[in-house]
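Reviewing the structure listed below.
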Amino acid sequence: MRRQRFVMGCAPLHQPLPAYRRIMRDDRPRLPSSPGFWRSPLRGPWFTSMLGLVLLVGITVLFVTGLVSYAAYNPGLDPVNDQTPGKGFLGFYLFAWPTNPHWLYRATQGLHVTLGITLIPVLLAKLWSVVPRLFALPPARSLAHALERISLLLLVGGGLFEFTTGVLNVQLDYVFPGSFYPLHFYGAWVFFAAFVAHAVLKVPTALRNARRRRAGQEPGAHAAAGEPLTAAGPGGGDLVSPRPDPPTVSRRGALWFVGGASLLLFATTVGQSIGGALRRTALLAPHGGADPGSGPNGFQINKTAAYAGIDAAETGEEAWRLVVTGRTGTVRLGRADLLRMPLHSSALPIACVEGWSTADQWWRGVRLRDLAALVGHDGDPPDVFVESLQRHGAFRRAALRANQVADPRSLLALYVNGEELSPDHGYPARIIVPAAPGVLNTKWVARLTFGDL
Ligand code: HEM
């Protein structure tokens, strides 16, 4: 048959046809807009629905723990605590961050970052499973369809943006144009709004597809098994390839594969939040593996004294004075003065905004409320504005709310685990407050100003 046509064409029999003719003669769809272009037998409504249902729960938890992370800064207390001052009504949910339970932020931020990383394979598999829809033509069949497609663009773009900025923030020195905080915060709202719209539209379908599968009525199941296609339709049949390649793995097998990849990411990340011996399993996490040092001060550090530009000459017994100001004026205290005040101990973790944390460390020092009483705030400790010797960095200053100052476990720590603080842990003195993000536990403290902020 083939040879016959050539005789009628212009090319001599033994010469291969020019590429473009071969393409033009080949009836395989070439454009991603045609369903036949997508050949994987795995795509289908059940596969997509299962991934969607996992993301429904996962993304919601991510959004809530993210909002909680922002609230933990007490951004409404003072501008120094607020990296997203332009948020306007998006801050409607903010509340005074509590001090109980003392591991609260450790749990919420550990969950945020670990879950975010664990969900990456699910997010990518979900996007892969629906990619034919992104190219489907016409771009809009109706106004409703156009709106749905725009929300899909915000959903896909917002999701990729949030995961990318999140991973860049925790994994690498943040290499992204623009400050992480407002980008990730506003991106979260855009993404979650599109996500809610998508969920409202799709969850009923996803649940129906899950039920259908159980009843063995999944559209396209035949295609995966090489039988003719059942009628495509709103159930997601349009995701099923009309010309599937022979299957090499089942849809359930592919889901197990995605689950396995998530499990691997989970297992090589969660150790940085749980700490202890499990930290060594966090092979992919920047604060995984062995602790940076040994001994009482050997636990994890984010910013070292050298990185913060702390000059040892300023922290010496002679030079360093803590300046405490309040209702009755200002007092200047040396380390010896502080050591003469009543000292207390608290077992509290360092919980970093990047999701890693330490186990509870034994801190010893002067209660913040006792320092407040020293300058006239006896019995009713107010908020406090904390300043560090650090000269640069977004968190060289921080504000703590009255409930944090009043908590008997909140200390100006001078010792940790029975030893003087090391320079990298904030010698001569650092703040340690229960349930607060690491960035608000200021190191190398130089000045405390008590008074309503
Ligand atoms: C791999 C995925 C993700 C990672 C690793 C990640 C990481 C982080 C980190 C480290 C922070 C704290 C930043 C700081 O205070 O310094 C954060 C905050 C936040 N995250 Fe994520 N995130 C991820 C995905 C998401 C997603 C999908 C959402 C929304 C649905 C989200 C919403 C938020 C919000 C609202 C904040 C608070 C921002 C602020 O404090 O200004 N995150 N995230």
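The values are calculated or read from the model by the stated rules, or taken from the named source; none is laboratory data. Just so we're clear, the structure is a prediction, and the values are computed from it rather than from any experiment. Using ideal geometry, Cβ is built from the backbone for each residue, glycine included, and neighbour counts are taken over all protein chains shown. Calculation scope for accessible area: heavy atoms of the full protein, side chains included, ligands and nucleic acids excluded. Shrake-Rupley method; radii C 1.70, N 1.55, O 1.52, S 1.80 Å.
Inverting the mean 1/r over all pairs of different Cα atoms, compute the Kirkwood radius of the stretch 305-450 and quote it in Å. Every distinct Cα pair counted, the radius reaches 15.0 Å.
Label zone of Phe266 (point 7 Å out along Cα→Cβ, amide N under 20 Å): in the stretch 164-204 this covers 167. Available extension along the chain between Ala347 and Arg280 is 21.9 nm, counting 0.36 nm per residue and deducting the alpha carbon span. Applied to the stretch 437-443, the Karplus parametrisation 6.51 cos²θ - 1.76 cosθ + 1.60 on θ = phi - 60° returns per-residue 3J(HN,Hα) values of x, x, 5, 8, 8, 4, 9 Hz, with x for Gly and Pro. Around the amide H of Leu421, modelled in the peptide plane, lie the amide H atoms of Tyr415, Val416, all under 5 Å away and 5 or more residues distant in sequence or on another chain.
Modelled label positions at Glu317 and Leu160, each set 7 Å beyond Cα in the direction of Cβ, lie 6.1 nm from each other.
Calculated from the alpha-carbon coordinates, the chain shows an Rg and a Dmax of 29.4, 106 Å respectively. Note that the stretch 99-106 has calculated 3J(HN,Hα) couplings of 10, 10, x, 5, 9, 3, 5, 4 Hz, one per residue in order, obtained from phi through the Karplus relation 6.51 cos²θ - 1.76 cosθ + 1.60 (θ = phi - 60°); glycine and proline are x. A cut-off of 5 Å between modelled amide H atoms, ignoring neighbours fewer than 5 places along the same chain, links Ala446 with Glu387, Ser388, Leu389. Between helix 120-135 and the chain, what is the angle of the helix's C-alpha long axis to the longest principal axis, kept within 0 to 90° and rounded to the nearest 10? Helix 120-135 sits roughly 40 degrees off the main axis of the chain.
Distance between the modelled labels on Arg340 and Val249, one decimal in nanometres: 7.1 nm (7 Å Cα→Cβ projection). For the chain, the longest principal axis of the alpha carbon atoms and the long axis of helix 180-214 meet at an angle near 50°.
Within the assembled protein chains, the solvent-accessible surface assigned to Leu67 is about 20 Å², based on a 1.4 Å probe.
To test your reading of the geometry: what angle, between 0 and 90 degrees and rounded to tens, separates the Cα axis of helix 251-267 from the longest principal axis of the chain? Approximately 20 degrees, to the nearest ten.
Rolling a 1.4 Å probe across all protein chains gives Trp128 an accessible area of roughly 100 Å². Dipole check for the chain: with +1 at the C-beta of Lys and Arg, -1 at the C-beta of Asp and Glu, and the Cα centre as origin, the magnitude is about 2660 Debye. Across the stretch 446-451, computed HN-Hα scalar couplings (Karplus, 6.51 cos²θ - 1.76 cosθ + 1.60, θ = phi - 60°) run 10, 8, 10, 10, 8, x Hz from first to last residue, x flagging Gly and Pro.
Just for the chain, what percent of DSSP beta bridges are antiparallel, to the closest 5? Percent antiparallel among DSSP bridges in the chain is about 90.
The slack between Leu143 and Phe180, meaning 0.36 nm per residue of separation minus the straight C-alpha distance, is 9.8 nm. Test of understanding: given the chain, find the longest segment containing no GluC sites (Glu not before Pro) that are in a DSSP loop and have at most 11 other Cβ atoms within 10 Å. So the longest stretch without any such site is 1-316.
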